[in-house]
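Trainee: Structure below; questions to follow.
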């Protein structure tokens, strides 16, 4: 089983404030699972989410240049 990160781990990993993570969860911008009342995140899923956001940004920049 993959190691899960908690809010503190994810905030450190993304270099964000914990409140930003909570806001994103509330806005469904990022997904996680609650285990025992504590949010958990799989690093592999977070990395895939980051890559998907990067592709969107690159596509938008390409559209602007054309």
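Trainee: Considering only residues that are without any contact (Cβ under 8 Å) to a residue 12 or more places away in the chain, within 19 Å of residue 53 (Cβ to Cβ) and assigned to a loop (DSSP other than H, G, I, E, B), which ones fall in segment 1-31?
Mentor: Once the filter is applied, which keeps residues that are without any contact (Cβ under 8 Å) to a residue 12 or more places away in the chain, within 19 Å of residue 53 (Cβ to Cβ) and assigned to a loop (DSSP other than H, G, I, E, B), segment 1-31 yields 15, 16, 17, 27, 28, 29.
Trainee: Output yes when any residue across segment 11-18 is at pLDDT below 95 and surrounded by 10 or more Cβ atoms within 10 Å (Cβ to Cβ), and no when none is.
Mentor: no
Trainee: Please pick out the residue among 46, 58 that is in a helix (DSSP H, G or I), surrounded by 15 or more Cβ atoms within 10 Å (Cβ to Cβ) and at pLDDT below 95.
Mentor: 46
The values are calculated or read from the model by the stated rules, or taken from the named source; none is laboratory data. Please read all numbers here as calculations on a predicted model, not as lab measurements. Every residue, glycine among them, receives a Cβ derived from its backbone with ideal geometry; neighbour counts consider all protein chains shown.
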